[in-house]
Amino acid sequence: MGMNEMIGHEREINWLQAAMKQKRLAHAYLFTDNNQVKTKQLAIQLAKTINCEQGDTDACDTCTTCVQIEHGNHPDVLTIQPDGAYIKIDQVRNMQETFRYRAPDHITRVLIIESADRMRVETANSLLKFLEEPISPMVAILLTDKKERILPTIQSRCQWVRFSSLPAHIQQQKFIDDGFDQTTAHLLSQMQYRDELLQLESQEIEQIFQNLITWSKALLTGDESALLDVQVGWIANELEQGRIHSLIEILLIWLKEWMKKEIAIFTEHRSLRMRVKEENVMLAIDNALIASRLLHKMEISNQAVWEQMVIATQEMRKSKQDDWHMIIM
Ligand SMILES: [Zn+2]
């Protein structure tokens, strides 16, 4: 795949290709979009195009360099992603060690940094220092879906490329074309945090959505299996796998869709709507919103947040956010 095949981003790609043609590539780019799988793909395509042996404005995809970069084993194209919650300073040091000698003359090194918002000041400074005095020509591409969390020192040194997202209905059709069922495609197209999921096989993703839909029925009808699933069942397992934000997001989207009257895709669940009062769904949405805020606080156990969300919803507690907060702390 070359850059020109990345549908929907012609404007940004033309702009990068023009910079390349005029040999005016920046030393560091900040690619922002709510879909990091896509920005990573674009970063890889750019790395290929810059170094392609054919030397055109798009990657040939067949030369040794293109193939090595595509497969992630080119010695001069490195990717760093958070090790745990943050990108660690040792990861930056390892990169510096790897790049301590000059690259071959025709090579421009490319450093791709995923989730660049998850970098502390010390690590960022170490990285910036290296970028400013590279041993060989080098381009850094920082990726994030949370530009507001990128340290100002980094923002000021990067050229910002903002990839605007495709409209939801086009995204939905793309997911259907990729083989997803309609409900899954619809829910995926509404999501911000779908990267966590898109690493999985499509059947696994569909299974998670199906589990969540079944689980939400248990949640809303007061069934005790809702809490058990959080403690020892499939949700416990999902949380362990780190799919924390995507899971709460699917729940929120699903509950909100439920409140809308025109959801044709949910006809198979129509019977449920009769039994569940609208105010119960509203309460569940309120609690899921509280949960999604709390899940961003690292000091709180994710499982405890989910448990409290279930308990508050099933006990029909009209608690305010502060009350909830106190239960967990
Ligand atoms: Zn090539």
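The values are calculated or read from the model by the stated rules, or taken from the named source; none is laboratory data. Computed from a prediction, not measured in an experiment: that's the story for all the values here. Neighbour counts are summed over all protein chains in view; Cβ atoms, including those assigned to glycine, are modelled from backbone coordinates with ideal geometry. When the accessible area is computed, the model is the full protein with side chains, heavy atoms only, and any ligands, DNA or RNA have been set aside. Shrake-Rupley method; radii C 1.70, N 1.55, O 1.52, S 1.80 Å.
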Query - Burial ranking of peptide ranges 220-226, 74-80 (average Cβ count within 10 Å, highest at the top) - result: 74-80, 220-226
Report summary line: Sorted by chain and then number, the residues having a modelled amide H within less than 5 Å of the amide H of Gln159, at least 5 places away or on another chain, are Ala28, Tyr29, Leu30
Query raised in the report: Taking the Cα centre of the chain as origin and charging only Cβ (+1 Lys, Arg; -1 Asp, Glu), how large is the dipole, in debye to the nearest 20?
Result: 1000 debye
Query raised in the report: Roughly how tilted is helix 10-21, in degrees to the nearest 10 and between 0 and 90, from the longest Cα axis of the chain?
Result: 20 degrees
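Report the relative contact order of segment 1-147, percent, no decimals, based on alpha-carbon pairs under 8 angstrom and at least 6 residues apart. Don't jump to the answer; show the numbers that get you there.
Details: 217 pairs, mean separation 43.6, N = 147.
Relative contact order here is 30 percent.
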Query raised in the report: What's the center-to-center distance, using Cα atoms, between segment 152-212 and segment 82-111 in Å?
Result: 29 Å
Report summary line: In whole angstrom, largest first, the equivalent ellipsoid semi-axes that the Cα gyration tensor gives for segment 83-172 are 26, 17, 12
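In what order, largest first, do Met20, Met282, Met309 sit by accessible area if the probe radius is 1.4 Å? Before the final figure, lay out each step's value.
Working: Met20 30, Met282 100, Met309 0 Å².
Listed by decreasing accessible area, they come as Met282, Met20, Met309.
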Query raised in the report: Once you sort the root eigenvalues of the Cα gyration tensor of segment 3-162 as a ≥ b ≥ c, which label holds: rounded (a/c under 1.5), prolate (a/b larger than b/c) or oblate (the other case)?
Result: oblate
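May I ask which of Lys217/Lys256; Lys174/Lys256; Lys147/Lys174 have a Cα-Cα span longer than 18 Å here? Mind dumping the intermediate values first?
Values: Lys217/Lys256 14 Å; Lys174/Lys256 23 Å; Lys147/Lys174 26 Å.
Violating the 18 Å Cα-Cα cut-off are Lys174/Lys256; Lys147/Lys174.
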Requested in this report: In whole angstrom, note down how far apart the Cα centers of segment 1-42 and segment 126-148 are.
Outcome: 16 Å
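So, counting K/R as plus one and D/E as minus one, what does the shell of residues with Cβ under 13 Å around Glu307 add up to?
-3
Considering only DSSP states other than H, G, I, E and B, which trypsin sites (Lys or Arg not before Pro) in segment 15-63 qualify as loop sites with at most 13 other Cβ atoms within 10 Å?
Working: sites: Lys21, Lys23, Arg24, Lys38, Lys40, Lys48; in loops: Lys23, Arg24.
The qualifying sites are Lys23, Arg24.
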Query raised in the report: Which one of Gly222, Gln192, Ile13 is farthest out on the positive end of the charge dipole of the chain, using unit charges on Cβ (Lys, Arg +1; Asp, Glu -1) and the Cα centre as origin?
Result: Ile13
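Just how large is the dipole of segment 3-162 about the Cα centre, in debye to the nearest 20, putting +1 at every Lys and Arg Cβ and -1 at every Asp and Glu Cβ?
On the way: 20 positive and 21 negative charges, 105 e Å.
Roughly 500 debye, rounded to the nearest 20.
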Report task. Just add up the charged neighbours of Ile253: K/R +1, D/E -1, any other residue whose Cβ is under 12 Å from the Cβ of Ile253. Result -> +1
Query raised in the report: Projected onto the charge dipole of segment 3-160 (+1 at Lys/Arg Cβ, -1 at Asp/Glu Cβ, origin at the Cα centre), which of Ala103, Met3, Gln91 gives the Cα projection farthest towards the positive end?
Result: Gln91
Query - Table column - 3J(HN,Hα) (Hz), segment 87-92, Karplus curve with 6.51, -1.76, 1.60, x for Gly and Pro - result: 7, 8, 4, 4, 5, 5
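Around Asp223, what is the net charge, scoring Lys/Arg as +1 and Asp/Glu as -1 over all other residues with Cβ under 13 Å from its Cβ? All intermediate terms of the calculation are to be shown ahead of the outcome.
Details: positive: Lys217, Arg275; negative: Glu224, Asp229.
Result for the neighbourhood of Asp223: 0.
Assign one of three labels to the chain, namely rounded, prolate or oblate, based on the Cα gyration tensor with a ≥ b ≥ c the square roots of its eigenvalues; rounded applies when a/c is under 1.5, prolate when it is not and a/b is larger than b/c, and oblate otherwise. If you can, show how the numbers build up before the last one.
Details: a/c = 2.70, a/b = 1.83, b/c = 1.48.
Because a/c hits 1.5 or more and a/b exceeds b/c, the chain counts as prolate.
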Query raised in the report: Amide H neighbours of Ile112 under 5 Å, counting only residues 5+ apart in sequence or on other chains, H built in-plane at 1.01 Å?
Result: Leu78, Thr79, Ile80, Ile141
Report task. Using Cα pairs closer than 8 Å and at least 6 residues apart in sequence, work out the relative contact order for the chain, in percent. Result -> 16 percent
